[in-house]
Amino acid sequence: MAEAVNNDALNPAEENSEANAPKKVKKIKPEKVKAKKEKSTKKSEPSDNSKKKNRKRMSYERKQSFVGFMFTLPWLIGFLMFFFIPAIKSINFSLSDVKIFEDYATEWNNFQNYSNIFKDATFLRNLSSTFGDLAINVPIILVFSLFVAVLLNRKFIGRGIARAVFFLPVIVTTGVVMTAFNGASDTSAVFEGDVSNGIMFSTMNATEVLGSLGLGEQITGYMIAISDRIFDVVWDSGIQIILFLAALQSISPALYEACDVEGATAWEKFWLITFPSVSPIILVNIVYTIVDTFSDPSNAVLSQVDALVTTTFNYGNAAAIVWVYFAIVLVIIGAVFLVCKRLIFYSVD
Amino acid sequence: MSKLRRNKVAIAGDITTYILLLLYGAFMALPLIYSVIQAFKPYNELFIFPPRFFARQPTLGNFSQLFDLTSSTWVPFSRYVFNTILNTVVGTVLHIIAAAMCAYPLAKNNFPGKKLIFNVVVWSLLFSGGVLEIPVYLVMSTLGIIDTYFAYWLPEIAVAMGTFLLKQNMSEIPDAMIEAARIDGAGEWKILWRIAMPAVKPAWLTLAIFAFQRNWNATSSSYIYTETIKTLPTALSQITATGSVARAGEAYAASVLMLVPPIIFFILAQSSTVKTMAHAGIKG
């Protein structure tokens, strides 16, 4: 009896006796049919009640999407102001003669700037030197950062400190240290961020040490060039190491345990588990490295652009170079994507 | 027996790890350590050939000379320090707020144009800001913010990296959590700051590291002329670069001082960074 009372308390609108329950179901059915007849245009609505609910949800969703859009506004306005409009202006520059007096004026010049670029031997040389650097640096940075990430992923004492050390260059390179390095060694390079320029001690020490070993001058030269390259690579791979490390940590230990049970060697484990698991990150890292190398203000092409702007005030030509350069970078990144898409192994998703 | 062999292999692996990491770590850390040591070298030791790694007579002379130099500037030196601290705080906060506001609906709301906006974010990651400097100047001059603090602050809003990272991380928050908050009657604004942001704390701490470091090291570029609103890095490079050889010691001292705040900030927030990058990369 007590239970029945409880049930009734929960549904006060319903009638008390249990015998009424089947009646109620019957009652609903004709109602449904009636609703269908009335709203014959909307087939999907099962009942009047749920239709009301749906209308309410529609307006709720509209409200949601309105609020969502409002939230993106600050960033969008910032983007328009400091990215989109400047980019449009820059395209306009690249297509015209830019004349500077108190104000500036642009005059359409029939792709003159673009045709100039390809007659410009300096640009082509700078472009090929930048590409040369890229072709060497990207594979070395990738292999190096994956290797270091695998090392840093092992359990050992002092791992936290080691990780911090490998991330430090990311914090330091853009900072004032590089300025000071360069300022101390070379006045003209104060505003450049080239690491190898700055670390004079490495080159000097190396010359000294190698010289004292009695090696020839040519060999010493090679050794120094290599050590400079190592510096470049090591100092440019902070972010890549972090990305690889993160990917390594997300691999399920169960996979390795299964390997251990089957008696796989460390070599097999690396190529059959680790490598496929981090392959999506390899693509991310390739793209990151390419963009990073291309947008480094000290590379040959961007130095040329800088010189065009600051010394000859040839804005039109500079803008045209930048856009051609960007287009080439996009083509390269697109090609990398197409090649890597086939090779990447996606576990889930 | 085999367990013993295993242990031996493990120990050998550990030793190799240590050796290799020390070797690479040396390449990373030596320039830094060297610049710190340089800051403590007396002037006559800075340019000896062959150079020595360690200082024979360490001195604080470079630092005291640096402070002498700073007290002789036309604008009080504290003004530059104030400017840089102000820019760092305002710039970092603005960047994170704008990024969070944009990232949250991209991750958890549906509205027309959402895909387009996210594509715009991704594409603008491919650009480097420097190449647009002249057109940006033109826009700023139209807005009338040349030579004001806003020239430092407003561009921070448009940095796409923050929006991208936060969006990737917020997508990982279970929908049920957001739904529950909505059912309980929380507005979107409240959900963003009370539910979504605490859930992606590692992500915005990472962003804060980058933004802190970017703003802290910001030089007063071509957008600023008035001396009183120039930043600390600019002032230091002016002080130390004039007659660079003569001021080499002070330059090292200045660089060491400038490095301390970002490194402290990094250490405080560091443990979160690795976790964040995982989400950013994998869920492309």
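The values are calculated or read from the model by the stated rules, or taken from the named source; none is laboratory data. Keep in mind that this is a model prediction, so the values were computed, not measured. Quick reminder, even Gly has a Cβ in these numbers, built from the backbone with ideal geometry, and neighbours come from all protein chains shown. Accessible surface areas use protein heavy atoms only, side chains included; no ligands, DNA or RNA. Shrake-Rupley method; radii C 1.70, N 1.55, O 1.52, S 1.80 Å.
Values for this structure:
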{"read-out": "Qualifying residue in region B:169-180 (condition: assigned to a helix (DSSP H, G or I) and within 9 Å of chain A (Cβ to nearest Cβ))", "value": "no"}
{"read-out": "Leading residue by the ranking (nearest to the chain's Cα centre (by Cα)) among those in region B:174-217 that are surrounded by fewer than 21 Cβ atoms within 10 Å (Cβ to Cβ) and among the acidic types (Asp, Glu)", "value": "B:Asp175"}
{"read-out": "Unique residue being touching a Phe, Trp or Tyr at 6+ places or on another chain (Cβ under 6 Å), at pLDDT 75 or above and of a type in the set (A, V, I, L, M, F, W, C) when the list is A:Phe69, A:Phe118, A:Phe79", "value": "A:Phe69"}
{"read-out": "Test: B:Val121 is on the phi < 0 side of the Ramachandran plot, open to solvent by less than 20 Å² (accessible area, probe 1.4 Å) and among the β-branched types (Val, Ile, Thr)", "value": "yes"}
{"read-out": "Odd one out for A:Ile242 among (1) more than 8 Å from chain B (Cβ to nearest Cβ); (2) in a helix (DSSP H, G or I); (3) under 22 Å from A:Ile333 (Cβ atoms)", "value": "(1)"}
{"read-out": "Spans of helices (runs of 4 or more DSSP H) in region B:72-155 with at least 3 residues in contact with a strand residue (DSSP E or B) (Cβ under 8 Å, 6 or more places away or on another chain), facing chain A (nearest Cβ under 9 Å) and aliphatic (A, V, I, L, M)", "value": "none"}
{"read-out": "B:Gly185 vs. criteria on the phi > 0 side of the Ramachandran plot and either at pLDDT below 85 or out of contact with any helix residue (DSSP H, G or I) (no Cβ under 9 Å at 6 or more places or on another chain) (or both)", "value": "yes"}
{"read-out": "Within region A:113-165, tally of residues that are open to solvent by 60 Å² or more (accessible area, probe 1.4 Å), aliphatic (A, V, I, L, M) and closer than 20 Å to A:Leu283 by Cβ", "value": "4"}
{"read-out": "Of all residues making up region B:138-165, the number that are of a type in the set (Phe, Trp, Tyr) and surrounded by 18 or more Cβ atoms within 10 Å (Cβ to Cβ)", "value": "3"}
{"read-out": "Residue check, A:Asp306 over 18 Å from the mean Cα position of the chain (by Cα), acidic (Asp, Glu) and open to solvent by 30 Å² or more (accessible area, probe 1.4 Å)", "value": "yes"}
{"read-out": "Residues of region B:85-100 classified as surrounded by fewer than 21 Cβ atoms within 10 Å (Cβ to Cβ) and farther than 14 Å from B:Leu207 by Cβ, total", "value": "4"}
{"read-out": "Boolean, B:Arg56 is of a type outside the set (Ser, Thr, Tyr) and more than 27 Å from B:Gln213 (Cβ to Cβ)", "value": "yes"}
{"read-out": "Residue selected from region A:292-311 under the condition of a type in the set (A, V, I, L, M, F, W, C) and in contact (Cβ under 8 Å) with a residue 60 or more places away in the chain, by the criterion nearest to B:Ser124 (Cα to Cα)", "value": "A:Phe294"}
{"read-out": "Residue check for A:Asp292: of a type in the set (Asp, Glu), within 12 Å of chain B (Cβ to nearest Cβ), under 29 Å from A:Ile136 (Cα atoms) and open to solvent by 30 Å² or more (accessible area, probe 1.4 Å)", "value": "yes"}
{"read-out": "Unique match (being without any contact (Cβ under 8 Å) to a residue 60 or more places away in the chain and of a type in the set (D, E, K, R)) among B:Asp184, B:Asp175", "value": "B:Asp184"}
{"read-out": "Residue that is modelled with the lowest pLDDT, among those in region B:246-262 that are touching a helix residue (DSSP H, G or I) at 6+ places or on another chain (Cβ under 8 Å) and open to solvent by 40 Å² or more (accessible area, probe 1.4 Å)", "value": "B:Arg247"}
{"read-out": "Those helices (runs of 4 or more DSSP H) lying entirely in region A:252-349 with at least 1 residues modelled with pLDDT under 85 and of a type in the set (Ser, Thr, Tyr)", "value": "A:275-294, A:300-307, A:315-343"}
{"read-out": "Hits in region A:111-164 - residues which are among the aromatic types (Phe, Trp, Tyr) and in a helix (DSSP H, G or I)", "value": "A:Tyr114, A:Phe118, A:Phe123, A:Phe131, A:Phe144, A:Phe147"}
{"read-out": "Pick from region A:83-103, criterion of a type in the set (Phe, Trp, Tyr) and open to solvent by 70 Å² or more (accessible area, probe 1.4 Å), ranking: modelled with the highest pLDDT", "value": "A:Phe84"}
